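Notes follow the structure.
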Amino acid sequence: MSLSERHFILGYGSLINGESRSKTGETGQVWPVKLQGYERHWSVMSSEFGMSSVAVVPASHASCNGVLVEVAYDQFTLFDERERGYQRSQVQAENLMPYHDTCLPEGTYWIYHIDQVTPPHADCPIALSYLDVILSGCLEHSADFADDFLSLTQGWHYPTLNDRHQPRYPRVQPDLSITSLNPLLESVTTLSIKELSVTYES
């Protein structure tokens, strides 16, 4: 990577969340965007934490939403480590469309992706401690952005676990208000209203 060029990562999962990004490295300005040519799925990326993550696969007629995040050259090794198991590839500017009437910055755009989805299962379900972080990040931008995350993600029928009382996600944010998140989940989750009501322990 060129030291003089600006570089950006397209975050489409937990990297949407500002606090979560800051736990890995220093990042700059953020632009909410839609990306053509990739489809977001729930996939088992590692059985280490007993949960699934979101990942994108190349798909010519699909799209997903995310945030374009400026990342300094010397921070890339930190984000590459965070995204172990994914491949990092360049994204062309013409495949990105900003949510707002604004010009996207010039530079090199990167995305972490996979080539094949490994479906979630009972031992590595969709974990609410992880999903809560993503949705909270989506709401940093707008309710419409959060709705797009839900509708542009495949695999909601796979097993889901409310692990809020015993979080599996290592970058959990236990202070999140689930009262703003649960209504979003009701349209996609396999959990019941009663199961969703379990909250983080103080």
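Quick check on my filter: what residues within region 31-51 are closer than 18 Å to P167 by Cα and hydroxyl-bearing (S, T, Y)?
The answer is S46, S47.
Mind checking whether some residue in region 57-71 is touching a Leu at 6+ places or on another chain (Cβ under 9 Å) and more than 28 Å from R168 (Cα to Cα)?
Within region 57-71 (the criterion being touching a Leu at 6+ places or on another chain (Cβ under 9 Å) and more than 28 Å from R168 (Cα to Cα)), the answer is yes, since at least one residue qualifies.
Determine which single condition Y200 fails, assuming it passes every other condition in (1) over 22 Å from G11 (Cβ atoms); (2) assigned to a helix (DSSP H, G or I).
Single failed check for Y200: (2).
State whether one or more residues within region 45-65 are under 15 Å from the mean Cα position of the chain (by Cα) and surrounded by fewer than 16 Cβ atoms within 10 Å (Cβ to Cβ).
Initially, region 45-65 is screened for residues under 15 Å from the mean Cα position of the chain (by Cα), giving 45, 51-57, 63-65.
Remaining after also requiring surrounded by fewer than 16 Cβ atoms within 10 Å (Cβ to Cβ): none.
Within region 45-65, not a single residue is under 15 Å from the mean Cα position of the chain (by Cα) and surrounded by fewer than 16 Cβ atoms within 10 Å (Cβ to Cβ).
Out of all the residues in region 3-51, which are among the small types (G, A, S) and in contact with a helix residue (DSSP H, G or I) (Cβ under 8 Å, 6 or more places away or on another chain)?
Correct list: G11, G13, S14, G18, S20, G25, G37.
Identify, from the list W42, W31, the residue that is more than 24 Å from P174 (Cβ to Cβ), crowded, with 20+ Cβ neighbours inside 10 Å and modelled with pLDDT of 95 or more.
Details: W42 fails: more than 24 Å from P174 (Cβ to Cβ).
Among W42, W31, only W31 is more than 24 Å from P174 (Cβ to Cβ), crowded, with 20+ Cβ neighbours inside 10 Å and modelled with pLDDT of 95 or more.
Tally time: how many residues in region 66-102 are surrounded by 16 or more Cβ atoms within 10 Å (Cβ to Cβ), hydrophobic (A, V, I, L, M, F, W, C) and within 23 Å of H141 (Cα to Cα)?
Total satisfying the criteria: 7.
Taking the residues in region 10-28 that are in contact with a Leu (Cβ under 7 Å, 6 or more places away or on another chain) and surrounded by 20 or more Cβ atoms within 10 Å (Cβ to Cβ) as candidates, determine which candidate is farthest from D144 (Cα to Cα).
R21
Give me the helices (runs of 4 or more DSSP H) completely within region 126-190, filtered to those with at least 2 residues that are touching a Lys or Arg at 6+ places or on another chain (Cβ under 9 Å) and surrounded by 22 or more Cβ atoms within 10 Å (Cβ to Cβ), ordered by residue number. Before the answer, list the steps.
Working: elements: 128-139, 143-151, 178-185.
In region 126-190, the matching helices (runs of 4 or more DSSP H) lie at 128-139.
Can you confirm whether I178 is farther than 13 Å from S53 by Cα, over 17 Å from the mean Cα position of the chain (by Cα) and in contact (Cβ under 8 Å) with a residue 12 or more places away in the chain? Don't jump to the end; show me each part of the working.
On the way: farther than 13 Å from S53 by Cα: yes; over 17 Å from the mean Cα position of the chain (by Cα): yes; in contact (Cβ under 8 Å) with a residue 12 or more places away in the chain: yes.
It is true that I178 is farther than 13 Å from S53 by Cα, over 17 Å from the mean Cα position of the chain (by Cα) and in contact (Cβ under 8 Å) with a residue 12 or more places away in the chain.
The values are calculated or read from the model by the stated rules, or taken from the named source; none is laboratory data. If you're wondering where the values come from, they're calculated on a predicted model, not measured in any experiment. Glycine gets a Cβ as well: all are built from the backbone with ideal geometry, and neighbour counts include every protein chain shown.
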